[in-house]
Amino acid sequence: MLRLVRLLAVATAVPRDCPSKHLRHDAVERPATFALDARLVDALRAPGVDLAWLGAVQGVRWQKVRPFACSFLAATTKGSLFVLVWNRTATDLAQIAGLGDRVRVLRLPPSEDASALVQHARYRAYAHFLAANPDVKTLGVSDATDFVFQRDPFALVRDPRHLVVSDESARYTVASEPSGGNRYWVRCIYGPPLRRVVGARRVSCSGATVGGRDAMRAYLETMASELAALLPPRVMHDMPRSIPFNFYRGFDQGVHNALLASAFALAYNVTRSDLLFTGNGQRLGSDYELRDGEVFVKGAKATVVHQWNRMRDGGPAAARCRRPSSKQSN
């Protein structure tokens with residue numbers, strides 16, 4: 001009976017409205033070409049970098065990014081961490097960059113819409129970063145304020161066409177996920193046929209993805225193109241008030257899960273890895289262990305921990321990282 005009450009509560013909480021009834025796609029559409037903006041390419045050049053991890057922030061103080069940067073420096077001696085920013089002050093930029101030699105800040109040009117949701121706008125910026133830096137062979141992208149590293153993340157990738165994505169709890173699927181958000185996002189932007197295909201699959205979290213150059217280029221360009229076509233600024237700015245913020249900010253995850261059920265997944269070597277650990281819905285003891293402050297999954301130390309702030313035990317010690325370790329040097 002209690003389970004029924006909970007399901008009914010979720011059903012009533014999921015919005016009835018969608019952002020638009022006229023922009024829905026029947027399938028994920030891989031763009032034949034991706035239009036590059038020369039100004040954005042110039043702003044995102046980082047010569048000589050071959051391994052890069054990107055995060056993007058908007059409207060948060062630099063302290064929120066500190067565990068992200070500090071744990072990266074502690075986890076690996078390889079590569080560089082880039083924080084892409086829209087509207088940060090000069091002080092904040094200096095504080096982020098001052099966290100370590102391999103932590104760099106890239107400020108997006110004024111031409112980029114600072115009012116756009118960072119969850120959507122970041123894919124366009126990430127795709128341009130890859131285009132601007134031909135030396136990058138392996139690229140990771142993730143959230144930045146609830147994300148920490150425990151091991152070298154670049155070691156997960158085997159070849160240029162390999163893509164590694166993060167799954168949420170095995171207890172639910174896209175259709176049965178407790179908040180109802182995942183099925184809502186797919187239904188609104190792709191409709192019932194694709195929702196039925198995607199609905200039976202485990203939820204993949206869009207907050208952490210890493211891969212070889214070829215796979216990441218296709219992934220990021222498709223994500224950016226789909227979001228631009230399905231949720232252009234005019235649709236986002238006119239979002240019905242009946243859609244709560246927690247629902248309308250997450251449409252990128254609907255595109256992400258639909259993408260993994262499309263021809264894209266057949267063209268590239270996609271691995272759904274527990275080592276890109278997402279804490280949402282996970283239970284200590286049955287889903288993961290904490291050993292000396294580190295998260296272990298199925299006996300192996302997780303490479304990253306995303307959404308550590310949703311873990312009831314407080315999450316990994318890396319989330320409380322404040323000072324870069326000795327591994328920060330190149």
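The values are calculated or read from the model by the stated rules, or taken from the named source; none is laboratory data. Just so it is clear, the model here is predicted, and its values are computed rather than measured. When we count neighbours, we look across all protein chains shown, and the Cβ atoms used for this are built from the backbone with ideal geometry, even at glycine. In case anyone asks, the SASA skips ligands and DNA or RNA and just uses the protein heavy atoms, side chains included. Shrake-Rupley method; radii C 1.70, N 1.55, O 1.52, S 1.80 Å.
Scanning the range 137-159 for residues that are among the basic types (Lys, Arg) and at pLDDT below 95 turns up at least one hit. The test for being among the aliphatic types (A, V, I, L, M) and farther than 26 Å from PHE68 by Cβ holds for ALA200.
Could you please find all residues in the range 73-92 being under 16 Å from the mean Cα position of the chain (by Cα) and closer than 21 Å to ASP135 by Cβ? Break it down stepwise before answering.
Taking the range 73-92 and keeping what is under 16 Å from the mean Cα position of the chain (by Cα), we get 81-85.
Within the range 73-92, LEU81, PHE82, VAL83, LEU84 meet the criteria.
Out of the residues in the range 247-281 that are of a type in the set (A, V, I, L, M) and farther than 19 Å from ALA27 by Cα, which is surrounded by the most Cβ atoms within 10 Å (Cβ to Cβ)? Quick ask: steps written out before the conclusion?
Pass one, the range 247-281, residues of a type in the set (A, V, I, L, M): 255, 258-261, 263, 265-267, 270, 275-276.
Now restrict to residues that are farther than 19 Å from ALA27 by Cα: 275-276.
Details: LEU275: 20, LEU276: 27.
Across the range 247-281, the extreme among qualifying residues is LEU276.
Taking the range 31-140 as the region of interest, the helices (runs of 4 or more DSSP H) fully inside it that hold 3 or more residues being closer than 24 Å to ALA218 by Cβ are 38-43, 118-132. If the condition is being closer than 22 Å to GLY55 by Cα and among the aromatic types (Phe, Trp, Tyr), then the range 276-316 contributes PHE277, TRP308. Restricting to the range 233-253, name every residue that is touching a strand residue (DSSP E or B) at 6+ places or on another chain (Cβ under 8 Å) and acidic (Asp, Glu). Once the filter is applied, which keeps residues that are touching a strand residue (DSSP E or B) at 6+ places or on another chain (Cβ under 8 Å) and acidic (Asp, Glu), the range 233-253 yields only ASP252.
Return yes or no: is ASP238 at pLDDT below 95, open to solvent by 60 Å² or more (accessible area, probe 1.4 Å) and among the acidic types (Asp, Glu)? Yes.
In the condition set (1) closer than 26 Å to PHE251 by Cβ; (2) open to solvent by 70 Å² or more (accessible area, probe 1.4 Å), ASP101 is compliant with all but (1).
Within the range 66-102, restricting attention to residues that are touching a Leu at 6+ places or on another chain (Cβ under 8 Å) and free of Cβ contacts under 8 Å to residues at least 60 places away in the same chain, which residue is farthest from VAL49 (Cα to Cα)? Please lay out each step first, then the result.
We begin by selecting, within the range 66-102, every residue touching a Leu at 6+ places or on another chain (Cβ under 8 Å); these are 66, 68-70, 72-73, 78-86, 99-100, 102.
Pick out the ones that are also free of Cβ contacts under 8 Å to residues at least 60 places away in the same chain and you get 80-82, 84-86.
Working: SER80: 7, LEU81: 10, PHE82: 11, LEU84: 16, VAL85: 19, TRP86: 22 Å.
Here the residue is TRP86.
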